[in-house]
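J.: Dumping the structure here so I can ask a few things about it.
The values are calculated or read from the model by the stated rules, or taken from the named source; none is laboratory data. Model, not experiment: these values are computed from the prediction. Virtual Cβ from ideal backbone geometry, glycine too; neighbours counted across all protein chains shown. We work out accessible area using only protein heavy atoms, side chains counted, and drop any ligands, DNA or RNA first. Shrake-Rupley method; radii C 1.70, N 1.55, O 1.52, S 1.80 Å.
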Amino acid sequence: MSTTTTGALIGAAIDSISGDDDGVADGAIIGAVTANVLKIVLPLAVTYAVGWAVLRGAAELKDQVFGKVDS
């Protein structure tokens, strides 16, 4: 099952729980759009966080090997 379909199903389920009488189509659309946005944003955020951690670790390692440089 694709991410979009799963997002639509979860969005429709949440929308039906809310008790609105207007149907679940709007919840399904919002869920599908949210799933697609997260499909793009989450990998970018994780990649940024890992890169930042590696750069931070490399700076700490450099400071331990060569000593801290005062600027």
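Matching residues to (1) open to solvent by 60 Å² or more (accessible area, probe 1.4 Å); (2) of a type in the set (D, E, K, R):
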| site | (1), (2) |
| --- | --- |
| Thr6 | no, no |
| Ala32 | no, no |
| Ala35 | no, no |
| Leu55 | yes, no |
| Asp63 | no, yes |
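J.: Of the conditions (1) within 16 Å of the chain's Cα centre (by Cα); (2) open to solvent by less than 90 Å² (accessible area, probe 1.4 Å), Ser16 clears all except one; give me its number.
T.: Exception for Ser16: condition (1).
J.: I'm trying to understand the selection: among the residues of segment 25-39, which are free of Cβ contacts under 8 Å to residues at least 24 places away in the same chain and more than 14 Å from the chain's Cα centre (by Cα)?
T.: Selection gives Ala25, Asp26, Gly27, Ala28, Ile29, Ile30.
J.: Considering only residues that are farther than 30 Å from Thr6 by Cβ and of a type in the set (Lys, Arg), which ones fall in segment 18-71?
T.: Arg56, Lys62, Lys68
J.: Consider Asp26 against the criteria (1) at pLDDT below 90; (2) of a type outside the set (A, V, I, L, M, F, W, C); (3) open to solvent by 90 Å² or more (accessible area, probe 1.4 Å): it satisfies all of them except one. Which criterion is unmet?
T.: The one condition Asp26 does not meet is (3).
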